[in-house]
């Protein structure tokens, strides 16, 4: 068992020791409903494959539920995909583990359960952590203690949430699923260099986290080099309200553009860059 699983398992055990049944029983499916707050965004992805597995091997692990507001009703904490797969097979009931916890703890348990199983995408994990942080006023250090990570690690992961939605969507479209690579993409975004970062990734020229770190390091150093080269290798020309920069050195023009983007981002924020 990994250190991560041990840490999360210990935390789950603490929750289960306080006013919590831990009972496993069979419950009718029409008495169970998905939670409105669920860290997994693609709730029905792979349902057909999961249904085939349930049909062949049965339910190997109970779904986890909490008591609902109505008498005899329950809400899903973890196992929503198994719930939908069972419904698709026409099952009338399913085995459940019942956790009796206050409503403000339910989402926290759902995140812990999903992180234990390591089946959340980095995008889902970050969104869940941001919700958890805002809903309970946790600090990055609080979240780090909860999930067995350092404060600096948690701050880096949460920096992904600082990216604009269109930039995150582009990362998704390029199928960037490595969490540490997304952290580096967030760093590139702060420097105004995300477009170059993603272009290199899409061309296969930026593959690893080390490649990404090297890119981000160079994006700081290159503008300094361009400042030394500017006096003799470029021309400025005003045209109406625009300023045209002319140079035969394409690399230099790229460095100037990165430098300008960085300065605009520092002064006005990333949203000012179009």
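No value in this document is a laboratory result; all are computed from the given coordinates. Values in this document were obtained by computation on a predicted structure and should not be read as measured data. A quick note on method: Cβ atoms are made from the backbone with ideal geometry, for glycine too, and the neighbour counts reach across all protein chains shown.
Would you give the gap between the C-alpha center of the stretch 171-224 and the C-alpha center of the stretch 152-167, rounded to a whole Å? That distance is 13 Å.
Subtracting the Cα-Cα distance of residue 49 and residue 93 from 0.36 nm times their residue separation leaves 13.9 nm of extension gain. Ranking of 112, 76 by neighbouring Cβ atoms within 10 Å, starting from the fewest: 112, 76.
Subtract the Cα-Cα distance of residue 210 and residue 164 from 0.36 nm times their separation in residues, and report this length gain in nm to one decimal. Present the calculation step by step, with values, prior to reporting the outcome.
Values: separation 46, 0.36 × 46 = 16.56 nm, distance 2.37 nm.
Net length gain for the segment: 14.2 nm.
Modelled spin-label separation between residue 244 and residue 141, with each label point placed 7 Å from Cα along the Cα-to-Cβ direction: 5.7 nm.
Would you list 209, 65 from fewest to most Cβ contacts within 10 Å? Don't skip to the answer; put the middle values down first.
Working: 209 15, 65 26.
Lowest to highest Cβ neighbour count: 209, 65.
The distance between label points at residue 175 and residue 57 comes to 2.5 nm (points 7 Å beyond Cα on the Cα→Cβ vector).
Working from label points 7 Å from Cα in the Cα-to-Cβ sense, the residue 260 to residue 130 distance is 3.0 nm. Taking other Cβ atoms within 10 Å as a rough exposure proxy, 152, 195 sort from fewest to most as 152, 195. Remark: the Cα gyration tensor places the stretch 125-195 in the prolate category, a/c being 1.5 or greater and a/b exceeding b/c.
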